[in-house]
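**Q** To start, I am sharing the structure in question, which I have written as structure tokens.
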Amino acid sequence: MKPVAAANASVEKRWDPATGLPLFEEPDWTKVAVARTTMRTLQRRSDVPGLLRFGTYLGLLVMFGALTVLAHPLWLKVLCFLAYATVYGFSEPILHETHHRTPFRTLWINEVAHHISGLFAFKEPLRDRWLHAGHHTYTYYSEIDPEIATDRPPHFGTLIFDFMRIHNALVNWLWPTVRTAFAGLDDLGKRWVPKAYHRRLIWSARACVAFYLGVIALAVAIQSWYPILFIFVARFVGAPLHSWVTFIQHAGLEENVDDWRENTRTVYMNPLLRLLYWNMNYHVEHHMHPTVPFHSLARLHREIESESPPPYPNTLVAWNEMIRALWRQRREPSFSVHRSLPSPTPGRPLAADDGEPGVARGGEQILADRGLDPV
């Protein structure tokens, strides 16, 4: 369905304060069709790619963590810790992928990785899964999408803090977890998480708080700062590289449009960044077909490339465009970068009939269609 409310920046309220629900129906998202047989191949799940990727992540943490403890002199110890923290900061892509339950065929493996990465990212994983479902359903729709990273006009001071995840991790993620553990869900959680799942989410939040308190207790017991460094300090010190690749996903592009090709960027990145980022640089592809696992996104990109705007050749080009757009939005909050769409290929529909469950949602609908509990 098309939005029934006007899609522009002047709308005062786009959600019902009483229920927290959007005032218009889910957008009728444009999808580039992929042949059903091809899509079935792309959707195929396997434990092997996910275990290799997750195992590499944990292995790098163990290696750089051990080197941090053993290294001398101090400058070498600092370098090893910076490497550890940088890898640690890429817990967010793991959490994101396991939100969708696509990187592993075995569900319990997915949920173990989901909770571990949530602890590292300072995000209670069940609440964040529902918020991410809202992001997929209403991608870059102002006042509704719970994951919009920049305001209009943008506040550059906040963006600088968020580059190290200081504001987001403490105010938007860790504090709601603590609040949920002791006082129940915050307003954003109540808006997106159905009441039937509140109790489970509260206990999950309490488990997260218990873990963080356990880390502090361990540091006191062994009289060492290393647990604090490896879990808490690393979250902020290691954030910049991850922020470098995530800030450019949507910022500066069109708001309130029902086509991911206009509000999302696909950016070519080097193999190391793709390894750490779980191929989320193919972000248009991921939003358009969220049931495709990370290891098949490059192939999906080739399938829909002819119907999509040219991908950005590197992160510098994407950042240049984004910063220019945000700077202009200080004076013109309604300004957006407009991406020209290619002419449709004759005979290729834009309404996909590919057998893929769900349309936009990265959470509830897709999981329900697969016979799975969203949380």
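The values are calculated or read from the model by the stated rules, or taken from the named source; none is laboratory data. Note that the coordinates shown come from a computational prediction; the quantities given were computed from them, not determined experimentally. As a convention, Cβ positions derive from the backbone with ideal geometry for all residues, glycine included, and neighbour counts pool all protein chains shown.
**Q** Ile144 fails exactly one of the following numbered conditions: (1) at pLDDT 95 or above; (2) under 26 Å from Leu23 (Cα atoms). What is the number of that condition?
**A** Of everything listed in (1) at pLDDT 95 or above; (2) under 26 Å from Leu23 (Cα atoms), Ile144 misses just condition (1).
**Q** Can I ask one more? Only residues that are closer than 26 Å to Phe163 by Cβ, crowded, with 16+ Cβ neighbours inside 10 Å and free of Cβ contacts under 8 Å to residues at least 24 places away in the same chain: list them for segment 216-240, please.
**A** Pro227, Phe232
**Q** Same structure again: Within segment 53-90, can you find the residues that are exposed (fewer than 13 other Cβ atoms within 10 Å of the Cβ) and either within 13 Å of His295 (Cβ to Cβ) or of a type in the set (Phe, Trp, Tyr) (or both)?
**A** Once the filter is applied, which keeps residues that are exposed (fewer than 13 other Cβ atoms within 10 Å of the Cβ) and either within 13 Å of His295 (Cβ to Cβ) or of a type in the set (Phe, Trp, Tyr) (or both), segment 53-90 yields only Trp75.
**Q** Just one of (1) surrounded by fewer than 17 Cβ atoms within 10 Å (Cβ to Cβ); (2) under 19 Å from Leu253 (Cα atoms) trips up Thr150, so point out which.
**A** (1)
**Q** Looking at (1) touching a helix residue (DSSP H, G or I) at 6+ places or on another chain (Cβ under 8 Å); (2) surrounded by 22 or more Cβ atoms within 10 Å (Cβ to Cβ), which is the only condition Leu119 fails?
**A** (2)
**Q** Quick one: would you say Val4 is surrounded by 13 or more Cβ atoms within 10 Å (Cβ to Cβ) and modelled with pLDDT under 95?
**A** no
Condition check ((1) under 22 Å from Leu119 (Cβ atoms); (2) aromatic (Phe, Trp, Tyr); (3) in contact with a strand residue (DSSP E or B) (Cβ under 9 Å, 6 or more places away or on another chain)) across all residues:
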| position | (1), (2), (3) |
| --- | --- |
| Leu159 | no, no, no |
| Trp175 | yes, yes, no |
| Arg179 | yes, no, no |
| Gly189 | yes, no, no |
| Arg206 | yes, no, no |
| Val209 | yes, no, no |
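**Q** Further question: When you scan segment 122-224 for helices (runs of 4 or more DSSP H) that lie fully inside it, which ones turn up with 2 or more residues that are within 24 Å of His242 (Cα to Cα) and out of contact with any Cys (no Cβ under 8 Å at 6 or more places or on another chain)?
**A** 125-137, 156-163, 175-183, 198-222
**Q** Still on this structure, please answer the following. Pull out all pairs, ordered by first then second residue, where Cβ-Cβ is under 7 Å, the residues are six or more apart or on different chains, the first lies in segment 277-300 and is of a type in the set (Gly, Ala, Ser), and the second is at pLDDT 95 or above and assigned to a helix (DSSP H, G or I).
**A** Ser296/Leu42
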